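Reading through the structure tokens given below for one structure.
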Amino acid sequence: MAENWKMLQQEIDAASERAVEECPDDMLRVFEYDIVRTGAGTGRLMMGPWWEGATSTRYLGSYYIFNIVKVAQDMNISAEQIRQLVNLMLPTALGTVELCDISDYARFTRQTIDCINEEIDDREDMLSLLNSLWFYGSAANAWCQYRMKWGIGLSFKVNHRDDLIYMGSRANEAFERWDHEKKEEN
Amino acid sequence: MRSFIMRWPELGLGVRCKGLDINQAAFDIFVENMPTKALQGHEMVGGWLLRDHSILFNRKPFDIPKVELSTENMDQAPVGRISFLRPQGRGAELLAKYDESVDTREYIPVAQVVPEDLEILKKAGREQWKATTRTREIIFVEFVKEDA
């Protein structure tokens, strides 16, 4: 059990360096091939796992883990307080990452939480491991952003004022035409 | 002159970026970690920005406290601005503004694409937009010291 966290960190760092050029398997599975082995995706609609999976991936690393490391730059934040922040902030987002079958990232995060709870007492060691996990999360996030099927969005443009005025005028036109057409009695 | 090259081998394009009068220590750490590469992405909410989610700092970790870094709002930044988001330890996100942005949040400017290369940057941005939304081609970005 001793020093498991260093082995975990080495594994995370190696995975991060691979992820610079290669899409991690879990990202490829969920965001390219639309495979979710947990049963997630109500009514077998893939949009749910895409949406929730991408969002929770982003929040877990770039917002929660990053901010824990950042706040701990204040040396008054103790190892126990870092542990509390980890247990407060990560589990919910991690649960969604797991549900959406982003399994590699989920495993790294779960094992990091376990190491911080059971093995690591030194605050700098905690931050070092969290920093490695944060960067892996950033690399994973890059790929899920890339694999996301943004082309679907080409059908749904943001309406600007001119679009709404045009739509309104056409709607008015339609009603006027209806008003002037002879109504047949049933 | 403090500068580096940002280039996209798959596109056959590259631009020269110069350091700024501010955040010079951040620029130096970035250059010290070159050559480095990342998956090139595109901002999908705030406008016409190239976005790299994971710039790896493998040689020298980023250790500058936030209070020592100057920021600017992205919508006010000039076209060609290279900015960091969340630089910390092992890496950072990087954004390259190639046209209008409506993002009013603060970012950390570190470099500026030279004026004669701005059209090349815009071309790279348009190509990446096409890849992100249509072709799904994978494009990498490389950052190298200018003498490399």
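Conditions (1) in contact (Cβ under 8 Å) with a residue 40 or more places away in the chain; (2) of a type outside the set (A, V, I, L, M, F, W, C); (3) surrounded by fewer than 21 Cβ atoms within 10 Å (Cβ to Cβ), marked per residue:
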site: A:LEU60; (1), (2), (3): yes, no, no
site: A:ILE65; (1), (2), (3): yes, no, no
site: A:ASP74; (1), (2), (3): no, yes, yes
site: A:ILE77; (1), (2), (3): yes, no, yes
site: A:MET89; (1), (2), (3): no, no, yes
site: A:ASP104; (1), (2), (3): yes, yes, yes
site: A:GLU119; (1), (2), (3): yes, yes, yes
(request) Taking A:ASP25 as the residue in question, decide whether it is acidic (Asp, Glu) and in contact with an Asp or Glu (Cβ under 8 Å, 6 or more places away or on another chain). (result) yes
(message) Need the failing condition index for B:LEU11 against (1) touching a strand residue (DSSP E or B) at 6+ places or on another chain (Cβ under 9 Å); (2) more than 14 Å from chain A (Cβ to nearest Cβ); (3) not aromatic (Phe, Trp, Tyr), just the number.
(response) (1)
(request) Could you please give the count of residues in the stretch B:93-123 that are within 14 Å of chain A (Cβ to nearest Cβ), farther than 21 Å from B:ASN33 by Cβ and assigned to a strand (DSSP E or B)? (result) 1
(request) Return only the number of the condition from (1) among the β-branched types (Val, Ile, Thr); (2) surrounded by 22 or more Cβ atoms within 10 Å (Cβ to Cβ); (3) out of contact with any Lys or Arg (no Cβ under 8 Å at 6 or more places or on another chain) that B:ILE64 does not satisfy. (result) (2)
(request) Find the residue count for the stretch B:91-109, including only residues that are free of Cβ contacts under 8 Å to residues at least 40 places away in the same chain, over 16 Å from B:PHE143 (Cα atoms) and crowded, with 18+ Cβ neighbours inside 10 Å. (result) 1
(request) Test A:ARG44 against the stated conditions and say whether it is modelled with pLDDT of 95 or more and among the basic types (Lys, Arg). (result) no
(message) Consider the stretch A:27-58. How many of its residues are buried (at least 23 other Cβ atoms within 10 Å of the Cβ) and more than 23 Å from B:GLN88 (Cα to Cα)?
(response) 5
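Taking the stretch A:26-71 as the search range and keeping residues that are among the hydroxyl-bearing types (Ser, Thr, Tyr) and part of a helix (DSSP H, G or I), which one is farthest from the other protein chains (Cβ to nearest Cβ)?
To start, the set of residues in the stretch A:26-71 that are among the hydroxyl-bearing types (Ser, Thr, Tyr) comprises A:33, A:38, A:42, A:55-57, A:59, A:62-64.
Among the residues that remain, those that are also part of a helix (DSSP H, G or I) are: A:42, A:55-57, A:59, A:62-64.
Details: A:THR42: 24, A:THR55: 12, A:SER56: 15, A:THR57: 10, A:TYR59: 13, A:SER62: 6, A:TYR63: 9, A:TYR64: 12 Å.
Filtering first and then ranking leaves A:THR42.
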(message) Give me the strands (runs of 3 or more DSSP E) completely within the stretch B:2-75, filtered to those with at least 2 residues that are within 21 Å of A:CYS23 (Cβ to Cβ), ordered by residue number.
(response) B:36-39, B:47-56
(message) For a quick check of your reading: which helices (runs of 4 or more DSSP H) sit entirely within the stretch A:73-158 and have at least 2 residues that are modelled with pLDDT under 95?
(response) A:79-99, A:123-147
(message) Considering only the stretch B:114-122, I want to know if a residue exists there that is surrounded by fewer than 21 Cβ atoms within 10 Å (Cβ to Cβ), over 25 Å from A:LEU28 (Cβ atoms), under 14 Å from the mean Cα position of the chain (by Cα) and basic (Lys, Arg).
(response) yes
(message) Can you go through B:ARG126, B:ARG90, B:ARG136 and tell me which one is away from every other protein chain (no Cβ under 11 Å), under 27 Å from A:GLU22 (Cα atoms) and more than 13 Å from the chain's Cα centre (by Cα)?
(response) B:ARG126
(message) Just to be sure I understand the filter: pairs with C-beta atoms under 9 Å, separated by 6 or more residues or on different chains, first member in the stretch B:45-64 and facing chain A (nearest Cβ under 10 Å), second member surrounded by fewer than 20 Cβ atoms within 10 Å (Cβ to Cβ) and acidic (Asp, Glu). Which pairs pass?
(response) B:LEU56/A:GLU17; B:PHE57/B:GLU32; B:ASN58/A:GLU17
(request) With the condition kept exactly as written, say whether any residue in the stretch A:11-25 is over 20 Å from B:GLY91 (Cα atoms), more than 14 Å from chain B (Cβ to nearest Cβ) and not in a loop (DSSP other than H, G, I, E, B). (result) yes
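The values are calculated or read from the model by the stated rules, or taken from the named source; none is laboratory data. As the structure is a prediction and not an experimental result, all values here were calculated from the model. Reconstructed Cβ throughout: ideal geometry from the backbone, glycine too, with neighbour counts over all protein chains shown.
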